[in-house]
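Accompanying notes for the structure given below.
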Amino acid sequence: MSDVPRAVVDTNVFIASIGRTSPYRWLFDALLEGDFRLCLSTPILLEYEEVLADKTTPAVSRNVSGLLLALPNVARVRPHYRWRLIKADPDDNKFVDAALAAGAACIVTHDAHFDALREKDFPSVRVLSAEGFRVFLNEQMDAAW
């Protein structure tokens, strides 16, 4: 499991990836297949649960949360430092803090607030769209062959 890339997935992409007919379903399937290690902090998991319960039902939210906690390629992280790199939406910083604490290869998001990270030299955090992450994963798999 240590040879797969680590990633933090923003709520907007994660929730969109769950639906069976979603164009982002490949990401959820890649998670289930163990193609990458999803790095989660407690605040991220709670946000997933809250948004998913609002968009579906509390039962679906609990089931997805339980699945995430049971998957061997989901890593729980506890950031011990708050970097506060995103000023426009400070709530997004939980994803940055988790990515840095986990040594994640990237944050996967469609949120424009994360563009602020591209202007920072240190600490360096790579931001990818869902499609960019798909390309990244394919490159990683090709390199492993």
Kindly list the number of the only condition in (1) touching a strand residue (DSSP E or B) at 6+ places or on another chain (Cβ under 9 Å); (2) modelled with pLDDT of 90 or more that fails for Val125. (2)
List the helices (runs of 4 or more DSSP H) that sit entirely inside the stretch 29-145 and contain at least 2 residues that are surrounded by fewer than 11 Cβ atoms within 10 Å (Cβ to Cβ). 58-70, 130-144
The residue that is modelled with the highest pLDDT, considering only those in the stretch 1-10 that are surrounded by fewer than 20 Cβ atoms within 10 Å (Cβ to Cβ) and out of contact with any Cys (no Cβ under 9 Å at 6 or more places or on another chain), is Val4
Go through the residues of the stretch 119-128 one by one and say whether even a single one is in contact with a Pro (Cβ under 9 Å, 6 or more places away or on another chain) and hydrophobic (A, V, I, L, M, F, W, C). no
Can you confirm whether Ile15 is part of a helix (DSSP H, G or I), closer than 15 Å to Lys94 by Cα and touching a residue at least 40 places away in the same chain (Cβ under 8 Å)? no
Residue hits (the stretch 19-28; closer than 24 Å to Asn93 by Cβ and either of a type in the set (Ser, Thr, Tyr) or surrounded by fewer than 18 Cβ atoms within 10 Å (Cβ to Cβ) (or both)) are Tyr24
Against the condition among the small types (Gly, Ala, Ser) and under 18 Å from Leu31 (Cα atoms), how does Ala144 come out, does it pass? yes
Determine if the stretch 12-24 includes at least one residue that is among the β-branched types (Val, Ile, Thr), over 12 Å from the mean Cα position of the chain (by Cα) and closer than 19 Å to Ala130 by Cα. yes
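The values are calculated or read from the model by the stated rules, or taken from the named source; none is laboratory data. This is a predicted model, so every value here is computed, not measured. Don't worry about glycine lacking a Cβ; one is built from the backbone with ideal geometry, like all the others, and counts go over all protein chains shown.
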